[in-house]
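Every number here is computed from the coordinates shown, using simple stated rules; none is lab data. Everything quoted here is computed from the prediction, not taken from an experiment. As a convention, Cβ positions derive from the backbone with ideal geometry for all residues, glycine included, and neighbour counts pool all protein chains shown.
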Amino acid sequence: MARISLDPPRSPSMKLGEWYSRRRFGDVLDPARAMGHNRRVFRTYVKAEMSAQKWSALPAPVGTLAVMASAAAIGCEWCMDFGYWIGMNEGIDPQKVRSVPRWRESDVYAPVERAAMEYAEAMSTTPLTVTDEHVARLREFLDEAQLVELTATVALENQRARFNTALGLPSQGFSDRCELRPVP
């Protein structure tokens, strides 16, 4: 159960955000509702997310799988649910999307995806456990711009996951809207 009300003041920014969220995702995102209690936080978050959506150096499957691996490492139920929905809507192989929590045991991932998920996990621990070997492995597949984008993407997911987890935001049911369900 959420540790904060998900019924923020109905400011013009919040109303616009709700409209956009329903149009884009089919529902108002609970993290946005939580942030809606602080207009400046909400607006800063929306700007950051909209800017990040324009990043395009990193192949979509790699970034999405890394985000999900980060969310799984942190234990963000909301992020895993939403990440599953995103992955399915991006057309990522359903086996890959379903297997993220157990990616080390799965044989469905390409080497670049494995390297990115390992890096994402190492970035999502406290303290960080990123090593020179992690970066060297990624450099086999990614150029500097892609490596920077992967790092920024995982850092942004750490912010999301830690915010959502700290405020106790549970799954919002996005994965239930997909034809294939996550493996329990």
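Test of understanding: ordering Trp19, Trp55 by Cβ neighbours within 10 Å, fewest first, what list do you get? Before the final figure, lay out each step's value.
Numbers: Trp19 11, Trp55 16.
Sorted ascending by nearby Cβ count, the order is Trp19, Trp55.
Provide the per-residue ³J(HN,Hα) series for the range 34-47, in order, calculated from phi with Karplus coefficients 6.51, -1.76, 1.60 and θ = phi - 60°, each as a whole number of Hz, with x at glycine and proline positions.
Computed from phi, the couplings for the range 34-47 are 5, 5, x, 6, 10, 4, 5, 5, 4, 5, 5, 4, 4, 4 Hz.
Test of understanding: ordering Met68, Met50 by Cβ neighbours within 10 Å, fewest first, what list do you get?
Working: Met68 28, Met50 10.
In increasing order of surrounding Cβ atoms, one gets Met50, Met68.
Could you compute the longest span of the chain free of trypsin sites (Lys or Arg not before Pro) located in DSSP loops and having at most 15 other Cβ atoms within 10 Å, not counting the site residues?
Values: sites that count: Arg3, Arg10, Lys54.
Longest gap between qualifying sites, sites excluded: 55-184.
Using θ = phi - 60° and the Karplus form 6.51 cos²θ - 1.76 cosθ + 1.60, what ³J(HN,Hα) does each residue of the range 16-29 get, whole Hz, x for Gly and Pro?
Each residue's phi maps through the Karplus curve to give 5, x, 5, 4, 4, 4, 4, 5, 7, 10, x, 6, 7, 6 Hz.
Using a Förster distance of 25 angstrom, determine the FRET efficiency expected from the C-beta separation of Arg43 and Arg162, and round it to 0.05. All intermediate terms of the calculation are to be shown ahead of the outcome.
Numbers: r = 20 Å, r/R0 = 0.80.
According to the calculation, E is roughly 0.80.
Only four residue types carry charge here, +1 at the Cβ of Lys and Arg and -1 at the Cβ of Asp and Glu. Report the dipole size of the range 12-52 about the Cα centre in Debye, rounded to the nearest 20. Walk me through the numbers on the way to the answer.
Values: 9 positive and 4 negative charges, 40 e Å.
Magnitude of the dipole: close to 200 debye.
Give the cross-link partners of Lys15 among the aspartates and glutamates, using a straight C-alpha distance below 16 Å as the criterion and excluding same-chain residues fewer than 8 apart.
Within the straight-line limit of under 16 Å, Lys15 reaches these aspartates and glutamates: Asp7, Asp27, Asp30.
For Lys96, give me every one of the aspartates and glutamates with a C-alpha distance below 20 angstrom, ignoring sequence neighbours fewer than eight places off in its own chain.
Reachable aspartates and glutamates: Glu77, Asp81, Glu105, Asp107, Glu113, Glu118, Glu121, Glu157, Asp176, Glu179.
For Tyr119, what charge total do you get from the other residues with a beta carbon under 14 Å from its beta carbon, if Lys and Arg give +1 and Asp and Glu give -1?
-4
Which listed residue (Leu16, Ala110, Met35) has the Cα farthest towards the positive end of the charge dipole for the chain, taking +1 on Lys and Arg C-beta and -1 on Asp and Glu C-beta about the Cα centre?
Of Leu16, Ala110, Met35, it is Leu16.
With a 10 Å cut-off between alpha carbons and a GNM built on the chain, which of Tyr45, Tyr119, Tyr84 moves the most?
It is Tyr45.
Test of understanding: in a Gaussian network model of the chain with alpha carbons linked when under 10 Å, which of Leu16, Leu167, Leu147 would top the mean-square fluctuation ranking?
Highest fluctuation of the listed residues: Leu16.
Using +1 on the beta carbon of Lys and Arg, -1 on that of Asp and Glu, and nothing else charged, what's the dipole of the range 60-177 about the Cα centre, debye to 20?
Working: 10 positive and 17 negative charges, 63 e Å.
About 300 debye.
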